[in-house]
1. Can you tell me which residues in segment A:234-284 are charged (D, E, K, R) and either more than 26 Å from residue A:333 (Cβ to Cβ) or outside any loop (DSSP other than H, G, I, E, B) (or both)?
2. Out of the residues in segment A:420-437 meeting the condition of being hydrophobic (A, V, I, L, M, F, W, C) and part of a loop (DSSP other than H, G, I, E, B), tell me which one is nearest to residue A:583 (Cα to Cα).
3. Kindly indicate the residue of segment A:228-250 that is among the small types (Gly, Ala, Ser) and farther than 16 Å from residue A:294 by Cα and also modelled with the highest pLDDT among those meeting that condition.
4. Could you please give the count of residues in segment B:1-25 that are more than 14 Å from every other protein chain (Cβ to nearest Cβ), in contact with a helix residue (DSSP H, G or I) (Cβ under 7 Å, 6 or more places away or on another chain) and either exposed (fewer than 13 other Cβ atoms within 10 Å of the Cβ) or not β-branched (Val, Ile, Thr) (or both)?
5. Restricting attention to segment A:543-554, which residues are farther than 8 Å from residue A:453 by Cβ and buried (at least 19 other Cβ atoms within 10 Å of the Cβ)?
6. Of everything in segment B:60-79, what is polar (S, T, N, Q) and farther than 21 Å from residue B:24 by Cα? Give them in sequence order.
7. State yes or no: is residue A:231 in contact with a strand residue (DSSP E or B) (Cβ under 7 Å, 6 or more places away or on another chain), away from every other protein chain (no Cβ under 14 Å) and assigned to a loop (DSSP other than H, G, I, E, B)?
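The values are calculated or read from the model by the stated rules, or taken from the named source; none is laboratory data. Note that the coordinates shown come from a computational prediction; the quantities given were computed from them, not determined experimentally. Here the Cβ positions follow ideal geometry from the backbone for every residue, glycine too, while neighbour counts run over all protein chains shown.
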Amino acid sequence: MLEALNYPFDPALLLKKRRSLKRELLSDGSTRIEKRIAVLGGSTTHDIIDMLELFLLNFGIEPRFYESEYGQFYEDALFGQELAEFQPELVFLHTSFRNLRFLPTAEDNASSVAEKLDRETAHFTAVWENVSTRFGCPVIQNNFEPPYYRLLGNRDAWDPRGWTCYALEMNRRFADYAAAHESFYLNDLAYAAGDYGLQAWSDPLYWHMYKYCMCLNAIPAFAYQTACIVKSIYGKNKKALVLDLDNTLWGGVVGDDGVEGIEIGQETSMGQSYAEFQRYLKTLSSYGVLLAVNSKNDEVNALAGLEHPDGALKPRDFVAIRANWEPKSKNFGDIAAALNILPDSMVFVDDNPAERAIVTRVYPEVSAPPLDMPEHYVGLLDRAGYFEATALSKDDLARVDMYRQNAARAEQQNRFTDYGEYLRSLQMKAVIQPFEPMVLARVTQLTNKSNQFNLTTRRYTESEIEAASKDSNRITLYGRLADVFGDNGLVSVVIGRQEGERLHIELWLMSCRVLKRNMEHAMLDSLAAAARARGVRTLVGYYYKTAKNGMVRDFYKDFGFTLAAAEGEDTVWELDITDYQNKNQFIEVNEGHYEQN
Amino acid sequence: MNRTEIFEQLNEVFRDVFDDPSITVTEQTTAADIEGWDSLMHISLISAVEDAFDLSFPMKTVLAMKNVGDMVNAIADRL
């Protein structure tokens, strides 16, 4: 990870030093997933691609680009042969207000404008549908910035002939399409333009000289928000914020100033800034972002500060609280371990640069935004795009509860000396079924974000998952798990490909939130049963080593598979299932008692 | 800032933009003399020059630049 590319970045520096930055990223020895991305533009896309490339490399994605000829987005999407040969895994349609073709005139009225909007929209839906049928890949589509001049002044905003009104109506239609289509991602160019400042953004010099729909300096921030969508699609979002307390969640030092002395609430301007930050975090957590505390404090003082009546955050809003005098890097690692997530997927939020340095020295891949003053905290975290919500499932919304339930399970476990007794006490119930339409989005999301308990780390698009579910040569299984403490949701996915009497296990993954509950036993039982019903005698398991999946190196061995081949640290395993005995003893599977949240 | 100083700072900008520490530009240097100086890189070059000298060129001025000497004139006019 390059510091220069972390938000907040210097746009002019990135544009100027793009070549050396790229060189530095490519030689840093890190492993990245490779993606073929087609950028189809209605204006020049050269610098956008350069900036997108830097940000994606920094996010752990190595893109290979296809760039349409200038302004040929429509023709390319519908007919482009070279594009077809490129086989895009993602298509980004970079269009803007400059590409609107039926702008209203003085002669128009409400109904003729409505027709124009329909024709305009149809032009774009043709592009999206062609991309979807030709390539079956996700689409990222810009919406429209307001025009840089207003022929009707303020009337432009509501009169159907107004171009401002026209752009807004188009954006409404694009939003409706986004709401109705899973693999369609709206890139909010209108927000980016407003955020940058419309007048500077729309500098006509860049259009007339270079056919850029925005000024050059606006490109890095726009490319960054685009890169955030891409990294989110490929499961590279962050999952948690690990927060300091003193001068981060409130002003002052609770241990010295006392609960009455800290600044939080409506009394002072500073107190209001911290209160807004706490409300921001609380709302963020309602969308599934985990919050944890990492503070140098006596725990009793930390908890007292969090009980302050004017603060929005209370101790129960955090899935882990580490308030002690250990080094923050140690607490940071402990929190990751307790939550079963990788340190890389947590953001460290601390006003003290020295503490940030201590954590990032131990965990170089951890983002630790440079907090300066409390009135900037919200904007800084927000624009960094850590939690870009391309998918927002029921499981996401329930995630904080799930982690809280896990804490309750850990407590329960401490009451048992025998692990089997503990598992029995959970009264686990599972549903294990072939993929069905309702679960495709969540299954896809899991294939893209599971890193640790993932045997092959194959990434799938939703259309590939759908295709697998319909393939008569494939066995697909998803597993949901619930227990007395609550529903863990859809946590495991297996895909096997049958070749005569052998079933090749192409994918086996499980969410780390259900580690050590024997869910994998139940999955293997179901897989073996489904395979035997189709005449399969041998299961063939594959382990492909990555930097993150060391925990499943011996997965197949532990299940009694025998080693059939090895290449480096990648291994192939086989299990004869003619006399397969079920392994699961603790989970009731498909008994019909499963209650969803 | 005199002409020599402008050239010195300009060299830094060229080296960054074209990622080549050996570049030294003169009055007569044109796009043909520097590898990678195509119409697209020209956009980032102009922008980097504007940023380095904290000024902005009108379209007419950019279009009239035929070599680095013209660029230095345009910078000197605005400092």
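1. Result: A:246, A:256, A:257, A:260, A:263, A:267, A:276, A:279, A:282.
2. A:426
3. A:232
4. 3
5. Within segment A:543-554, A:543 is the sole residue that qualifies.
6. If the condition is that a residue be polar (S, T, N, Q) and farther than 21 Å from residue B:24 by Cα, then B:61 is the only one that fits.
7. no
Quick grid of which residues meet (1) among the charged types (D, E, K, R); (2) surrounded by 15 or more Cβ atoms within 10 Å (Cβ to Cβ); (3) under 26 Å from the mean Cα position of the chain (by Cα); (4) under 30 Å from residue A:235 (Cα atoms):
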{"position": "A:259", "(1), (2), (3), (4)": "no, yes, no, no"}
{"position": "A:265", "(1), (2), (3), (4)": "no, yes, no, no"}
{"position": "A:277", "(1), (2), (3), (4)": "no, yes, yes, yes"}
{"position": "A:299", "(1), (2), (3), (4)": "yes, no, no, no"}
{"position": "A:304", "(1), (2), (3), (4)": "no, yes, no, no"}
{"position": "A:335", "(1), (2), (3), (4)": "no, yes, yes, yes"}
{"position": "A:339", "(1), (2), (3), (4)": "no, yes, yes, yes"}
{"position": "A:344", "(1), (2), (3), (4)": "yes, yes, yes, yes"}
